[in-house]
Amino acid sequence: MTIPRRDEGAGRRAQAPAVPAPERECDDEFHCITCSDEAVEMRVVELAADGLAICDGGEVMTDLVGPVDPGDRLLVHAGVALQRVDP
């Protein structure tokens, strides 16, 4: 059995695998973690049993803003409420 020397491969860099290009363009007008870095204002319509808020733009995680009620307005990015919007 041959044990490789410690300096074998020194100075060589590992190459990251190639990342495939997306197959289609993102067309979500409300939020997209790939295409947009802006948040969108949404209104809470109802509360789901799993703790998510159902907003006028889809389901939103509210862990960062705390409890919400229907009618609350939130600033949302990528399905996550970032802050409340004052009435």
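Some values worked out for this structure:
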quantity	calculated
For residue 57, residues with placed amide H under 5 Å, excluding near neighbours	43
Where labels lie 7 Å past Cα in the beta-carbon direction, separation of residue 86 and residue 61 in nm	2.9
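Every number in this text was worked out from the coordinates using simple rules, so none of it is lab data. On a predicted model such as this, the values are computed, not experimentally measured, just so you know. We place every Cβ from the backbone using ideal geometry, glycine too, and count neighbours over all the protein chains shown.
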